[in-house]
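Everything on this sheet refers to the single structure shown next.
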Amino acid sequence: MVSGSNDKKVRVYAVPSFQLVRVLEGHTGLVLSVALEGDRIVSGSSDKTVRVWDARSGDALHVLQGHSNLVNSVSLLGSEIVSGSGSIFGTADYSVRIWDAETGASTRVLLGTEAVRPIEDVLGGPATTAAEEEALKAALANGDP
């Protein structure tokens, strides 16, 4: 299990004992979001960076730069890292960035100013029956599509 903190650190805990295993240091701002998948930890910070860590050794693998505002959301999706930026304060960076988890390379940037399409358009049409609506809700809850 991992947690981020206002003291700019990421903490790694053993489960189920919840004993502190290690403290990861490197961010220069508050750690606002963390994610753990397999042997990889990702953290997002008010220092505008995403850091990638080896969960076993605690080594820093990459410092991902590109956001112009705090990084308030990170997630790991297999070989990709997704980070989101945005705040009601400061610069207007409302971007979502996708990174290659192995290399740290930026692979895509989605700007908050891009046109938003209704989910029905993405799925190929509106849910017209109660069963279709329930299927749509279940798909969204599972992270599909």
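Scanning residues 5 or more positions from T49 or on other chains, those with amide H under 5 Å from its amide H are V71, with H placed 1.01 Å from N in the peptide plane. Summarising the amide proton neighbourhood of E80: residues at separation of 5 or more, or on other chains, whose placed amide H is nearer than 5 Å comprise A101. Over all other residues within a Cβ to Cβ distance under 9 Å of S45, the charged ones net out to +2, with Lys and Arg as +1 and Asp and Glu as -1. In order along region 75-84, phi translates into HN-Hα couplings of 8, 10, 10, x, 8, 10, 10, 10, 10, x Hz, rounded to whole numbers, per the Karplus curve 6.51 cos²θ - 1.76 cosθ + 1.60 with θ = phi - 60° and x for Gly and Pro.
Within the shell defined by Cβ-Cβ distances under 15 Å, the residues around A101 carry a net charge of -3, with Lys and Arg each +1 and Asp and Glu each -1.
Readers should treat all values here as calculations from the given coordinates under stated rules, not as data from a laboratory. On a predicted model such as this, the values are computed, not experimentally measured, just so you know. Heads up, the Cβs are rebuilt from the backbone with ideal geometry, glycines too, and the neighbour counts pull from every protein chain shown.
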